[in-house]
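One structure is given here, and the rest of the page talks about it.
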Amino acid sequence: MLWVKALHVIFMVTWFAGLFYLPRLFVYHAQATDAASIERFKIMERKLFWGIATPGGVITTFFGLWMLFAYAWEQNRHMKWLHIKLTCVVLLIAYHVWCFKLMKDFKNDRNRHSHRWYRVFNEVPTLLLFVIIVMVIVRPL
């Protein structure tokens, strides 16, 4: 089971790397004015989303579910820290999907947000990571 846990953490780092950098690309994309840069950002966003962030998220979720069932959900169902962590994971998945929508908007030249909005948007995964790590390591509840 330690291998499953290690792989879960490795791919979680991969997923977060993608979710930290993709909105940063959105910041630069929102500021871009020349056609060559805009097209370059579209390619970079697509490759980051499909090549790093999405595989990282899918594999992290796979190993997370494996551990959840292996450790018997029934005996863990009263652990509030686990419920909070899983809620944050669901929010992270929603954020990932939102990034996909924003990426599609950029792809179709329909971005409606400023670079400042993306700078704030970029902080969401940091907050979720903080809560997830505290719940897993400290288990305050």
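Bear in mind these aren't lab numbers, they're just calculated from the coordinates by the rules spelled out. Quick caveat, the model's predicted, so the values are computed rather than measured. No Cβ is skipped: glycine too gets one built from the backbone with ideal geometry, and neighbour counts run over all protein chains shown.
Numerical summary
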quantity: For the chain, built as a Gaussian network whose Cα springs stay under 10 Å, the top-fluctuating residue of 16, 41, 130; calculated: 130
quantity: Listed residue pairs exceeding 20 Å between alpha carbons, taken from 47/85; 47/107; 80/101; 5/101; calculated: 47/85; 80/101; 5/101
quantity: Share of Cα-Cα pairs in region 88-130 lying beyond 16 Å, as whole percent; calculated: 41 percent
quantity: Cα lying deepest toward the dipole's positive end in region 87-129, options 87, 102, 125, charges on Cβ; calculated: 102
quantity: Using alpha-carbon coordinates, inclination of helix 80-107 to the longest axis of the chain, degrees; calculated: 20 degrees
quantity: Folded to 0 to 90 degrees: helix 124-137 orientation relative to the chain principal axis, Cα; calculated: 10 degrees
quantity: Highest-fluctuation residue, 22, 127, 91 considered, GNM on the chain with Cα pairs under 10 Å; calculated: 127
quantity: Derived scalar couplings ³J(HN,Hα) [region 40-52; Karplus, 6.51 cos²θ - 1.76 cosθ + 1.60; whole Hz; x for Gly, Pro]; calculated: 4, 5, 4, 5, 4, 4, 4, 5, 5, 5, 7, x, 10
quantity: Environment charge at residue 67 (Cβ cut-off 13 Å; Lys +1, Arg +1, Asp -1, Glu -1); calculated: +2
quantity: Debye, to nearest 20: dipole size of region 1-129, +1 on Lys, Arg Cβ, -1 on Asp, Glu Cβ; calculated: 140 debye
quantity: Cα-only radius of gyration and Dmax that characterise the chain, units Å; calculated: 16.9, 57
quantity: Contact order relative to length of the chain, as percent, for alpha carbon pairs under 8 angstrom and 6 or more apart; calculated: 38 percent
